[in-house]
Amino acid sequence: MEKLLIAETLKPQGIKGEVKIKLYVDGFFAIKGVKTLYDGNGNTYKVKTLKDATGGFAFLLIDGIDDRNDAELLRGKLFYANKSDIIKEKSAFFITDLIGVNVYAGNVLVGVISGVTKSNVDIFELETEKGKCYFPFLNKLNYTIDLNAKIMRVDEVAFSEVAVYES
C-alpha cells in the first residue's frame, strides 16, 4: 500500500505524551480519520487522539507514548499514512499522482513532470528535450489536469513567463 508523508513532529505538548506536529497535507480534514502512522524505518504507530491545532498544525497522542520523556524521542520524526486513509477534496489530487504527467503549453508538448518541490508555491520539474525545466504551480497558468490521460495543459504565454530552463 502506498504511503504518503503527512507530518513531522515538532515538540512535546504537555506532560502526558502528546506532541505537536506540522502537517504536510492540505489541512487537518485530510488526516482526521487516520488511525495508523508509519515512520521511515517501518515502525507502526497507533493513533490514540489527533486534534486540530489550526494553522497547519495538530496535536497527536500515540498509543504507548505516555509521558513527556517518551514524546521527546519523537521530535523531528516524519510520519506517513496510507494514501487510502487520506481525505482529499473531489477536485484535488495528490502531488505524487502528477509524476509522469505530460505537460502541454497550448498544444505543444513541453515535457514530463519528474519531480515536485514543496514550498509556499510548489515548483514542478520537467524532463524536456532541452534538459530540465522548472515552473511554479500558479493559478496564472490556467491549468487543466486529466490524470487518467496523464496530461496537464497550461497557458503557453503564462508558461513562457514563469518557466526556467536549466542550462
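Computed from the coordinates by the stated procedures, all read-outs in this text should not be read as laboratory data. Because the structure is predicted, anything quoted here is derived from the model rather than measured. Cβ atoms come from the backbone with ideal geometry, glycine included; neighbour counts cover every protein chain shown.
Taking the Cα centre of the stretch 33-142 as reference, the dipole from Cβ charges on Lys and Arg (+1) and Asp and Glu (-1) amounts to some 200 debye. Within the stretch 8-25, find all residues whose amide N lies under 13 Å from a label point positioned 7 Å from the Cα of residue 48 along Cα-to-beta-carbon. Zone members listed by number: 13-19. For the options 115, 55, 17, a Gaussian network treatment of the chain with springs between C-alpha atoms closer than 10 Å singles out 55 as fluctuating the most. The alpha carbons of the stretch 88-167 give a radius of gyration and a Dmax of 11.7, 38 Å, in that order. Counting only Cα atoms, the chain measures 58, 31, 29 Å along its principal axes, largest extent leading.
In the stretch 3-85, the ratio of gyration radius to Kirkwood radius, Rg to Rh, stands at 0.92 when only Cα atoms are counted. Counting only DSSP H runs of at least 4 residues, each contributing -39500 (n - 2.57), and dividing by the residue count of the chain, the helix-based mean residue ellipticity at 222 nm comes to -1500 deg cm²/dmol.
Taking the charge dipole of the stretch 3-85 about its Cα centre, with +1 at Lys and Arg Cβ atoms and -1 at Asp and Glu Cβ atoms, the residue from 61, 14, 30 reaching farthest to the positive side is 30.
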